[in-house]
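J.: Take this structure first; my questions come after.
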Amino acid sequence: MLVLFLLVNLFAFTFLLAAPALAHCPLCVAGAAAGLTLSRLLGVDDSITGIWLAAFLGATSFWFTTFTLRKLKFPLKKPLVYLLIFLSTLWSFYQFKLISTHNGDLFGLPRLTFGLLLGGAFFYLVDFLDALAIKLHHGIFFPYQRVVVSLGSLWALSLTVYLLINYFAF
């Protein structure tokens, strides 16, 4: 009972002192991790899980870059951290044999690897284009734009991959 009391107070204290949430906040990253776990339990295709895993890794890298590497000033910091996190994740998946080919391949790659690569490139491109639109417009177009654009683009990509996998032969 004491542990529960301490946890509730810790969370309440954290939320009282929390700064406003940014586009790729830690809470969003934790929610993405929970969704990925649920997708594996529900049997979602590995290619679509890979897309969302890529978004999770992308959000993690953006959050890591924003909150921990603020003091480092070099121009390619964001893409380098993004690539480092992706490559280390892919390496660890292959090193510990977490990538299976029992579901078949897409374009010669295991489905999870295909989804990771496609989702990673797409997520970074969408984030770049959204940031460019915000910069050119001198502000956001509507509240929660970055969240809506990121999630909407991932849903659209997931639906496209689902339709291609299930209704067209590769």
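The values are calculated or read from the model by the stated rules, or taken from the named source; none is laboratory data. On a predicted model such as this, the values are computed, not experimentally measured, just so you know. Here the Cβ is made from the backbone with ideal geometry for all residues, glycine too, and neighbour counts use every protein chain on show.
J.: Out of (1) surrounded by 13 or more Cβ atoms within 10 Å (Cβ to Cβ); (2) in contact with a strand residue (DSSP E or B) (Cβ under 9 Å, 6 or more places away or on another chain), the odd one out for T101 is which?
T.: Of the numbered conditions (1) surrounded by 13 or more Cβ atoms within 10 Å (Cβ to Cβ); (2) in contact with a strand residue (DSSP E or B) (Cβ under 9 Å, 6 or more places away or on another chain), the odd one out for T101 is (1).
J.: On to the next question. Can you name every residue in region 94-141 that is closer than 16 Å to V161 by Cβ, assigned to a loop (DSSP other than H, G, I, E, B) and touching a Lys or Arg at 6+ places or on another chain (Cβ under 9 Å)?
T.: If the condition is that a residue be closer than 16 Å to V161 by Cβ, assigned to a loop (DSSP other than H, G, I, E, B) and touching a Lys or Arg at 6+ places or on another chain (Cβ under 9 Å), then N103, G104 are the ones that fit.
J.: Every residue in region 56-85 that is more than 22 Å from L36 (Cβ to Cβ) and of a type outside the set (K, R), please.
T.: Correct list: T68, L69, L72, F74, P75, L76, P79, L80.
J.: Let me ask something else about it. Please go through region 134-170 and give me each residue that is free of Cβ contacts under 8 Å to residues at least 12 places away in the same chain and closer than 30 Å to G104 by Cβ, ordered by number.
T.: Residues satisfying the conditions are L151, G152, W155, A156, L159, T160, L163, L164, N166, Y167, F168, A169.
J.: Please find, among F142, F67, the residue that is more than 19 Å from R40 (Cβ to Cβ) and either crowded, with 16+ Cβ neighbours inside 10 Å or at pLDDT below 85 (or both).
T.: F67
J.: Condition first: more than 26 Å from T160 (Cβ to Cβ), outside any helix (DSSP H, G or I) and under 20 Å from the mean Cα position of the chain (by Cα). Can you find one or more residues in region 82-93 that meet it?
T.: Scanning region 82-93 turns up no residue that is more than 26 Å from T160 (Cβ to Cβ), outside any helix (DSSP H, G or I) and under 20 Å from the mean Cα position of the chain (by Cα).
J.: From (1) surrounded by 10 or more Cβ atoms within 10 Å (Cβ to Cβ); (2) without any contact (Cβ under 8 Å) to a residue 24 or more places away in the chain; (3) over 19 Å from D127 (Cα atoms); (4) out of contact with any strand residue (DSSP E or B) (no Cβ under 7 Å at 6 or more places or on another chain), pick out the condition that doesn't hold for L80.
T.: Evaluating L80 over (1) surrounded by 10 or more Cβ atoms within 10 Å (Cβ to Cβ); (2) without any contact (Cβ under 8 Å) to a residue 24 or more places away in the chain; (3) over 19 Å from D127 (Cα atoms); (4) out of contact with any strand residue (DSSP E or B) (no Cβ under 7 Å at 6 or more places or on another chain) leaves (3) as the failure.
J.: State whether the residues of region 57-76 include one that is in contact with a helix residue (DSSP H, G or I) (Cβ under 8 Å, 6 or more places away or on another chain) and outside any helix (DSSP H, G or I).
T.: The answer is yes, given that some residue of region 57-76 is in contact with a helix residue (DSSP H, G or I) (Cβ under 8 Å, 6 or more places away or on another chain) and outside any helix (DSSP H, G or I).
J.: Anything in region 146-170 that is within 12 Å of V126 (Cα to Cα) and surrounded by 16 or more Cβ atoms within 10 Å (Cβ to Cβ)? List them, or say none.
T.: Matches in region 146-170: R146, V149, S150, S153, L154, L157.
J.: Scan region 97-115 and report the pairs whose first residue is free of Cβ contacts under 8 Å to residues at least 24 places away in the same chain and whose second residue is assigned to a helix (DSSP H, G or I) and β-branched (V, I, T), with Cβ atoms within less than 7 Å and a gap of 6+ or a chain change.
T.: So the pair list comes out as I99/T113.
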